[in-house]
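Report on one structure; see the data block that follows.
The values are calculated or read from the model by the stated rules, or taken from the named source; none is laboratory data. Being a predicted model, the structure only gives us computed values, none of them experimental. Because the Cβ atoms are built from the backbone with ideal geometry, glycine has one as well, and the counts that use them run over all protein chains shown. Remember, those area values only see protein heavy atoms, side chains included, never the ligands or the DNA or RNA. Shrake-Rupley method; radii C 1.70, N 1.55, O 1.52, S 1.80 Å.
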Amino acid sequence: MNEMLVKIPAAVPEMRAVFDAQRAAFLRAGAPSLQERRTDLTKLGEAIKQSAGRLAEAISADFGNRSRHETALGEIMPVQSAIRHTLRHLPGWMRPKRVSVGLELMPAGARILYQPVGVVGIISPWNYPLNLSIVPLIAALAAGNRVMLKPSELTPRTSDFLAELLGGLFPSDKVATVVGGPDTGQAFARLPFDHLLYTGSTAVGRLVMQAAAENLTPVTLELGGKSPCILGEDASLPGAVESIVYGKLVNAGQTCIAPDYVLLPEPRLDEFITLTVDTVEKFYPTLAGNPDYTSMVNDRHYRRVAQYIAEAKANGARVIEINPKRETLPAEGRKLAPTLVIEPGDNLSIMRDEIFGPVLPVKNYRSLDQAIDYVNAHPRPLALYYFGTDQAKRDKVLRKTVSGGASVNTTLFHFAAENLPFGGIGPSGIGAYHGEFGFQTFSHRKGVFLQSRFNAARFLYPPFGRITDLMLKFLTRG
Ligand code: NAD
């Protein structure tokens, strides 16, 4: 830790004091036992279960309307599943791993020890404010760390609720929540954490990495981007469309791994449009007063997405708004009707920015190779979806494209599988977490070499002679 390089703004001495207290407590107490970690995770899970109703109310109030069921499925369930999975597997994850040293170094032994790194920082966004704060917290605590959390200012009720809930469960030298906006975030990212996990936009991710670099703090960046969805020629459309509509409209499209746009074979366009309209009408027969249909989080995001649609229309793209009962959607409610944009030009904002709203651009392709080339000509995405039954084509898409994760014949679900690493690549992120990958992200893997009583290395000590030459002949053999 190099204090000279850390410039903490005067307004945040409290934050620094909390950090120092956590660091001191970590040094004093060392790595917590398996039992202590289990107790912490169990009480966290219990408290969230008890507060599930009030959390859903806070999140809904922050959004304007956030479906209670979406909160149960997208926030509470993943947290409980992460806790269950971690409690079950933690003993195995923590156990030192015996590894072989190879013939040359025999008969020594070697182990990998998993040690907590110390004090971990977590910066979380607003779109899944519980999930994206607590699932990283679970991994960091499982690995035995102290944690400071900075949730988003755009969901203030939820952030306050989290601060209160965590404050009631843990002393602040174990888990502390810092609430505040970008200035606070900036100062937070400059603390000399032992690891910093940031979830949010790619633009802010760059700033976070720059701030962390001052302290050589390792980062995990969970960022965004445009996740493509490729429909193969042999995709079964009704099921594919249901999954795409679900993935796009859950949380009104404000999901980092939502399918951003669809690439489909030209002859299937009309069928795709008809099925999408039918599916939206089935899922959401009304929009304005429908509690299942979530609002845009604030006016800025509402106007941003509305502007994408306006720009597409102004440029002559075919825009299909799906508003089953032709309701008026008052701007105060911040609900945007699900909208298809057919064949938008790549110069439009909707094809350049991550959409993060209930709008789905659809583009034609003539061959699968053309679709793959399109994906590869754009920044590496966080997720990629492929629909189709032919395994060779599926494997081709998976092999020839590079994305953070992928789901085949469905959307979103690679996020839910605890044994899969979750993370991006390039502009969609650095590193991964979930399950054991989260435990490893927040652990130091210490390589330990255990020399045996018979120390063969002694034959390599000077003065060098015939035995050294014989040893070298063996060690440098082809
Ligand atoms: P954001 O970058 O605006 O904010 C995220 C967090 O960063 C907030 O807590 C904010 O206060 C903080 N922050 C803002 N400026 C900061 C700074 N200069 N230094 C440090 N912290 C700062 O992101 P957002 O709008 O809340 O989230 C939306 C984006 O996040 C989308 O791009 C989405 O794809 C992405 N996302 C990614 C994942 C993932 O798991 N990969 C999950 C959800 C969202």
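Here is a yes/no grid of residues against (1) assigned by TED's automatic domain parsing to the domain that holds S67; (2) without any contact (Cβ under 8 Å) to a residue 60 or more places away in the chain; (3) open to solvent by 50 Å² or more (accessible area, probe 1.4 Å); (4) within 21 Å of W126 (Cα to Cα):
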| position | (1), (2), (3), (4) |
| --- | --- |
| N315 | no, yes, yes, no |
| R318 | no, yes, yes, no |
| G333 | no, no, no, yes |
| E343 | no, yes, yes, no |
| V359 | no, no, no, yes |
| A371 | no, no, no, no |
| N376 | no, yes, yes, no |
| Y386 | no, no, no, no |
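Do we have A189 as touching a helix residue (DSSP H, G or I) at 6+ places or on another chain (Cβ under 6 Å) and within 15 Å of the ligand (Cβ to nearest atom) here?
On the way: touching a helix residue (DSSP H, G or I) at 6+ places or on another chain (Cβ under 6 Å): yes; within 15 Å of the ligand (Cβ to nearest atom): yes.
For A189, the condition - touching a helix residue (DSSP H, G or I) at 6+ places or on another chain (Cβ under 6 Å) and within 15 Å of the ligand (Cβ to nearest atom) - is met.
Within segment 413-437, which residues are within 26 Å of L141 (Cβ to Cβ) and in a loop (DSSP other than H, G, I, E, B)?
Once the filter is applied, which keeps residues that are within 26 Å of L141 (Cβ to Cβ) and in a loop (DSSP other than H, G, I, E, B), segment 413-437 yields A416, A417, E418, N419, L420, P421, G423, G424, G431, A432, H434.
Sort through L216, L207 and tell me the only one that's within 10 Å of the ligand (Cβ to nearest atom), assigned by TED's automatic domain parsing to the domain that holds S152 and either over 16 Å from P361 (Cβ atoms) or of a type in the set (F, W, Y) (or both). Spell out the reasoning first.
On the way: L216 fails: within 10 Å of the ligand (Cβ to nearest atom).
After applying the criteria, what remains is L207.
Take L27 and decide whether it is open to solvent by 20 Å² or more (accessible area, probe 1.4 Å) and in contact with a Pro (Cβ under 8 Å, 6 or more places away or on another chain).
Answer is no for this residue.
Does segment 49-56 include one or more residues that are open to solvent by less than 10 Å² (accessible area, probe 1.4 Å) and either among the polar types (S, T, N, Q) or within 15 Å of the ligand (Cβ to nearest atom) (or both)?
The answer is yes; a qualifying residue exists.
Assess whether E311 counts as being more than 16 Å from the ligand (Cβ to nearest atom), in contact with a Lys or Arg (Cβ under 9 Å, 6 or more places away or on another chain), outside any loop (DSSP other than H, G, I, E, B) and among the charged types (D, E, K, R).
No: the conditions fail for E311.
If I ask for residues that are within 16 Å of the ligand (Cβ to nearest atom) and in contact with a Gly (Cβ under 6 Å, 6 or more places away or on another chain), which ones from segment 112-122 would you list?
The answer is none; no residue qualifies.
Go through the residues of segment 47-60 one by one and say whether even a single one is modelled with pLDDT of 95 or more and more than 26 Å from the chain's Cα centre (by Cα).
No, that holds for no residue.
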